[in-house]
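Since the structure comes first, as structure tokens, the remarks are kept for the end.
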Amino acid sequence: MEKSITLGEIFLTFLKTGIILLGGGYVILPILQSEIVEKRNWLTLDELYDYYAVSQSLPGLIAINISIFAGYRISGKFGALAAVCGLTFSAFWAIIAISAILSKIVSNSLVQGVFWGVGIAVIVLIFSAVREMWSKSVNDKTSLLIYLIALCTMLIIEISPVYIIIISAIVGIICKSVRKKQGKK
């Protein structure tokens, strides 16, 4: 019989994620992959990537959105609430504590060095997330073509990423429909 996952376990797992989550939503993917896919087997990697992709296209913070989806999948509405509370708990109290002494902290050379180092680590984590998403998303000539067109459109025409996401989603639906019809024949 499979052990049920408690709300406390969900809260603590997302609390741990929130504590080490420096750099925002793009950094959460490798952290959650390690915590809730590999260590705990609460989600599959494909589920996590799906939640991440949807979270990017919704309003709000990516990290919060993905924690809602993951928590809900793990344990329903209360699981979503536990995940969000865990993820935001440390950041909330850190902001409260730092806001009182912010001006003194920012000018400190040691703190500036920490921010510089963390910035580099965040770039590495973002690269890791891109590499993982690339291997799952760009896996044939059609997806590569869609990627290249979307990238060139954003770089050359400077169109909003929102339109790129909507157009890419529509093209994806059309491509899947065409493939499905060809498979039935």
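The values are calculated or read from the model by the stated rules, or taken from the named source; none is laboratory data. As the structure is a prediction and not an experimental result, all values here were calculated from the model. No Cβ is skipped: glycine too gets one built from the backbone with ideal geometry, and neighbour counts run over all protein chains shown. For accessibility, only protein heavy atoms count, side chains too; no ligands or nucleic acids. Shrake-Rupley method; radii C 1.70, N 1.55, O 1.52, S 1.80 Å.
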key: HN-Hα J in Hz across the stretch 170-183 - Karplus 6.51, -1.76, 1.60, θ = phi - 60°, x for Gly and Pro   = 5, 4, x, 5, 5, 4, 5, 5, 5, 4, 5, 5, 5, x
query = For the stretch 149-156, what does the Karplus curve 6.51 cos²θ - 1.76 cosθ + 1.60, with θ = phi - 60°, yield as ³J(HN,Hα) per residue in whole Hz, taken in order and with x for Gly and Pro?
reply = 5, 5, 4, 4, 4, 5, 7, 8
inquiry  = Tell me which of 15, 26, 97 sits at the most positive position along the dipole axis of the chain, charges placed on C-beta atoms (Lys, Arg +1; Asp, Glu -1).
reply    = 26
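Using 1/(1 + (r/R0)^6) with R0 = 35 angstrom and r between the beta carbons of residue 130 and residue 12, what's the FRET efficiency to the nearest 0.05? Show your work: numbers first, answer last.
Details: r = 29 Å, r/R0 = 0.82.
Given R0 = 35 Å and the Cβ-Cβ separation, E is 0.75.
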task = Please report, as a whole percent, how much of the solvent-accessible surface of the stretch 51-185 comes from carbon and sulfur atoms (probe radius 1.4 Å).
result = 74
request  = Rounded to whole Hz and in sequence order, give me ³J(HN,Hα) for the stretch 55-65 from the Karplus expression 6.51 cos²θ - 1.76 cosθ + 1.60, θ = phi - 60°, writing x for Gly and Pro.
outcome  = 4, 5, 8, 9, x, x, 7, 4, 4, 5, 4
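Show that you can apply the helix-only estimate: for the chain, add -39,500 (n - 2.57) for every DSSP H stretch of four or more residues, divide by all residues, and state [θ] at 222 nm to the nearest 500. Don't skip to the answer; put the middle values down first.
Values: 8 runs with 143 residues, N = 185.
Roughly -26000 deg cm²/dmol at 222 nm, from the helical runs in the chain.
Using +1 on the beta carbon of Lys and Arg, -1 on that of Asp and Glu, and nothing else charged, what's the dipole of the stretch 32-159 about the Cα centre, debye to 20?
Numbers: 8 positive and 8 negative charges, 55 e Å.
Computed about the Cα centre, the dipole is about 260 debye.
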remark   = For residue 180, the lysines lying under 25 Å Cα to Cα, once residues fewer than eight places off in the same chain are dropped, come out as 136, 141
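With the other protein chains left in place, how much accessible area per residue, in square angstrom, belongs to the chain at a 1.4 angstrom probe? Walk me through the numbers on the way to the answer.
Values: 12380 Å² over 185 residues.
Accessible area per residue: 67 Å².
About its Cα centre, what dipole magnitude does the stretch 1-77 give when the only charges are +1 on Lys and Arg Cβ and -1 on Asp and Glu Cβ, stated in debye to the nearest 20? Walk me through the intermediate numbers first.
Working: 6 positive and 7 negative charges, 45 e Å.
The dipole magnitude comes to about 220 debye.
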note = Given a Förster distance of 45 Å, the FRET efficiency implied by the Cβ-Cβ spacing of residue 179 and residue 19, rounded to the nearest 0.05, works out to 0.55
